[in-house]
Amino acid sequence: MFILIPAMPPIIQTYGLVKTFGNLVAVDHLDLAVPAGVMFGFLGPNGAGKTTTLKMLTGLMRPTAGTAVVAGYDVVRSPLEVKRRIGVVPENLGLYERLTADEYLELVGRLHRLDVATIARRRDRLLERLALADRRHDLAVDYSTGMKKKLALAAALLPNPPVLFLDEPFEGVDAVSARVIKDLLLSLVRQQNTTVFFSTHIMELVEKLCDEVAIIDHGRLIAQGNLDDLRRQAKAHGQASLEEVFLRLVRAEVEEGNHLDWL
Ligand SMILES: Nc1ncnc2c1ncn2[C@@H]1O[C@H](COP(=O)(O)OP(=O)(O)OP(=O)(O)O)[C@@H](O)[C@H]1O
Ligand SMILES: [Mg+2]
């Protein structure tokens with residue numbers, strides 16, 4: 001006897017999502033489907049449209065056309081419902097830098113209507129885990145780039161959202177902090193079934209960390225799926241690594257003869 005288990009609908013889904021800036025098509029009819037509870041890498045070269053897509057998914061930018069549904073809600077029609085269910089570390093971090101880490105996390109907790117005891121407990125644990133505890137009373141404006149990024153991550157995690165969006169979370173972060181962030185994100189995915197959607201241009205990161213990946217170039221989706229499937233495809237095409245697949249897909253032109261002769 002067969003028992004049909006209905007597939008869970010994707011927790012993030014886009015239908016023909018488009019963003020244009022004048023004549024430039026930054027995101028070109030993007031159809032993404034992200035299952036719940038996975039580490040999802042959104043991979044593409046500089047200018048591919050990653051940040052623009054993330055902005056549309058998190059309500060920071062209105063799509064030109066198409067729709068996107070996050071955690072069951074349309075991002076344009078129900079932006080508040082989406083925001084209640086997501087944590088975001090945007091490109092520019094969006095911190096209030098004239099607040100200390102303590103004050104900022106308290107503000108975020110209160111905006112999410114958490115009670116004072118919960119805010120204090122989660123804040124202490126996050127600051128400890130992200131090695132910011134000894135700087136908690138300093139203004140964010142005086143933090144280093146990596147420290148600001150970790151504070152933004154703490155703020156995104158404080159309300160314990162089911163979906164996390166991170167724009168290049170490992171850029172400007174040292175090796176030790178990168179490891180802490182990776183472990184933290186992996187434990188959220190594995191233990192709490194959180195969905196983590198992060199953008200990067202580094203294939204190696206995706207290979208080490210992700211369950212699923214989408215590759216975008218010139219605003220268009222060029223591959224999407226399970227990492228094991230992509231690995232199998234790579235082998236079938238005689239390519240040793242996913243790095244090669246990525247480079248082939250984005251048609252990177254490594255022209256031997258085109259060297260910069262003044263260097
Ligand atoms: N506000 C804007 N006005 C005009 N063009 C924009 C704007 N934002 C993005 N673009 C353009 O859209 C395209 C996609 O940019 P986007 O920032 O989404 O790329 P990205 O994949 O995040 O790149 P990176 O890896 O460099 O961060 C680029 O050509 C960029 O110049
Ligand atoms: Mg970007």
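Some points to look at:
- Mean projected area (nm²) of the alpha-carbon convex hull when the stretch 1-70 is viewed from all directions: 6.0
- Dipole orientation for the chain: of the candidates Q233, G109, T53, G109 has the Cα lying most toward the positive pole (charges on Cβ; Lys, Arg +1; Asp, Glu -1).
- Rounded Å value of the spacing that divides the Cα centres of the stretch 219-249 and the stretch 70-96: 30
- Shown is the FRET efficiency for E81 and R110, computed with R0 = 25 Å from the Cβ-Cβ distance and rounded to the nearest 0.05: 0.80.
- Applying a DSSP loop filter and a limit of 16 other Cβ atoms within 10 Å to the GluC sites (Glu not before Pro) in the stretch 99-197 leaves E171.
- Residue by residue, the stretch 196-205 carries 3J(HN,Hα) couplings of 10, 10, 10, 9, 6, 10, 10, 4, 4, 4 Hz when phi is fed to the Karplus relation 6.51 cos²θ - 1.76 cosθ + 1.60 (θ = phi - 60°); x denotes Gly or Pro.
- Taking the Cα centre of the chain as reference, the dipole from Cβ charges on Lys and Arg (+1) and Asp and Glu (-1) amounts to some 1020 debye.
- Whole-number D in µm²/s for the chain (Stokes-Einstein; Kirkwood sum over Cα pairs; 25 °C, 0.890 mPa s): 125
- Equivalent-ellipsoid semi-axes for the stretch 95-155 (Cα gyration tensor, √(5λ), whole Å, largest first): 18, 12, 9.
- Volume per residue for the stretch 58-184 equals 111 cubic angstrom (convex hull of Cα atoms).
- 5 angstrom amide H check on M61, placed H, neighbours 5+ away: M56
- For the stretch 175-249, the relative contact order works out to 19 percent when only alpha carbon pairs closer than 8 Å and six or more residues apart are counted.
- Between helix 175-192 and the chain: long-axis angle, C-alpha atoms, 0 to 90°, nearest 10: 90
- At R0 = 30 Å, FRET efficiency that the Cβ-Cβ distance of W262 and D229 yields, to 0.05: 0.10
- Label positions at Y15 and D174, each projected 7 Å from the Cα along the C-beta direction, are separated by 4.8 nm.
- Options V75, L24, L209, ranked by Cα towards positive dipole end of the chain, top entry (Cβ charges): V75
- Taking every Cα-Cα distance in the stretch 123-197 and sorting them into 5 Å bins from zero, the calculated P(r) comes out as 3, 15, 28, 27, 17, 7, 2 percent.
- Distant-in-sequence amide H partners of V88 (H built 1.01 Å from N, under 5 Å): F165
- Checking the Cα-Cα distances for K83/K150; K55/K235; K19/K148; K83/K208; K208/K235 against a 26 Å cut-off, the pairs over it are K55/K235; K19/K148; K83/K208.
- Calculated FRET efficiency for the pair Q191/A133, C-beta based, R₀ 22 Å, to 0.05: 0.45
- Once both labels are positioned 7 Å from their Cα atoms along Cα-to-Cβ, the gap between R220 and D124 label points is 5.5 nm.
- Among the chymotrypsin sites (Phe, Trp or Tyr not before Pro) in the stretch 1-92, those located in a DSSP loop and surrounded by at most 14 other Cβ atoms within 10 Å of their own Cβ are F2.
- Here the stretch 105-257 is treated as a sphere whose radius is the Kirkwood value from Cα pairs; by Stokes-Einstein at 20 °C and 1.002 mPa s it diffuses with a coefficient of 122 µm²/s.
- Using the Karplus relation 6.51 cos²θ - 1.76 cosθ + 1.60 with θ = phi - 60°, the per-residue 3J(HN,Hα) values for the stretch 23-38 come to 7, 7, 9, 7, 10, 10, 6, 8, 10, 10, 9, 10, x, 5, x, 10 Hz, with x marking Gly and Pro.
- Acute angle (nearest 10 degrees) that the helix 116-129 long axis makes with the longest principal axis of the chain, alpha-carbon atoms: 50
- Computed from Cα atoms, the angle from the helix 101-111 axis to the main principal axis of the chain rounds to 90 degrees.
Laboratory data are not the source of any read-out in this text; all were calculated from the coordinates shown. As the structure is a computational prediction, the values presented were derived from the model and not from experiment. FYI the Cβ positions are ideal-geometry reconstructions off the backbone, even for glycines, and counts take in every protein chain you see.
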